[in-house]
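The structure appears below as structure tokens.
The values are calculated or read from the model by the stated rules, or taken from the named source; none is laboratory data. Given the structure is predicted, the values throughout are model-derived calculations rather than measurements. For neighbour counting, all protein chains shown are included, and Cβ atoms are generated from backbone atoms with ideal geometry for every residue, glycine included. Just the protein is used for accessible areas: all its heavy atoms, side chains included, with ligands, DNA and RNA removed. Shrake-Rupley method; radii C 1.70, N 1.55, O 1.52, S 1.80 Å.
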Amino acid sequence: FEDPQQFCLPPGVPRLGAPAQIISLKDEPLVLLFYNGGFTRDAVRQVWTDGRNHNPTTVASETWNGDAVGHWEGDTLVIESTGFTDASWLSKNAYIHGFNMKVTERITRTGNNMTWDVTVDDPDYFLQPWHLTPVSHTLVTDPTATLFDALPCTDHDNEHTTSHTRSS
């Protein structure tokens, strides 16, 4: 197996990790999650929180981040995603998954701390749900703070650079 990130392919959820910034729109049932840093190229995910079901077209498309829908449980944003490509890995250790994977993320803010808690359900590959170790971050409250652009991705496996298309 060769790590898809070696060829500048997206990490996918949950390997994408905890978001670096979360924006909840005041008059829309939409939350935007921003990611960046390291090999995680700049990425944005949209999470609708109006009770809608998963979009069958997006689920059938089998994307890197799946189709995300969310809801609030008190101060916790719960995101359920399905419809993933099986080309992504769950971690750099070649943890693979199938098309039937469902990822449930729970993002909770307590004061200036955010906790990202993830459970992966995949009946085709796992005997039971896999619970990742929760990740906690202290939030930056400086209103002048900004997210820096992620470093450009380059193929990390020179032997295969001619056989894979680089993504920009």
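Some points to look at:
- Here r is the Cβ-Cβ distance between W72 and I96 and R0 is 41 Å; the resulting FRET efficiency, rounded to 0.05, is 0.80.
- Using the Karplus relation 6.51 cos²θ - 1.76 cosθ + 1.60 with θ = phi - 60°, the per-residue 3J(HN,Hα) values for segment 14-22 come to x, 4, 4, x, 6, x, 8, 8, 10 Hz, with x marking Gly and Pro.
- Carbon/sulfur fraction of accessible area - segment 8-114, other protein chains in place, 1.4 Å, %: 49 percent
- Theoretical gain in end-to-end length, A87 to V140 [0.36 nm per residue, Cα-Cα removed]: 15.7 nm
- Per residue, the solvent-accessible area of segment 18-136 (1.4 Å probe, heavy atoms of protein chains only, all protein chains present) comes to 55 Å².
- Whole-Hz Karplus values for segment 124-140 come out as 7, 10, 10, 6, 8, x, 9, 9, 6, 5, x, 10, 10, 10, 8, 6, 8 Hz, taken residue by residue from phi with 6.51 cos²θ - 1.76 cosθ + 1.60 and θ = phi - 60°; glycine and proline positions read x.
- The ellipsoid that matches the Cα gyration tensor of segment 1-132 has semi-axes, each √(5λ) in whole angstrom, of 23, 17, 15, with the longest given first.
- Segment 103-150-segment 4-28 distance, computed between alpha-carbon centres (Å): 10 Å
- At most 13 other Cβ within 10 Å, DSSP loop - trypsin sites (Lys or Arg not before Pro), segment 56-107: K92
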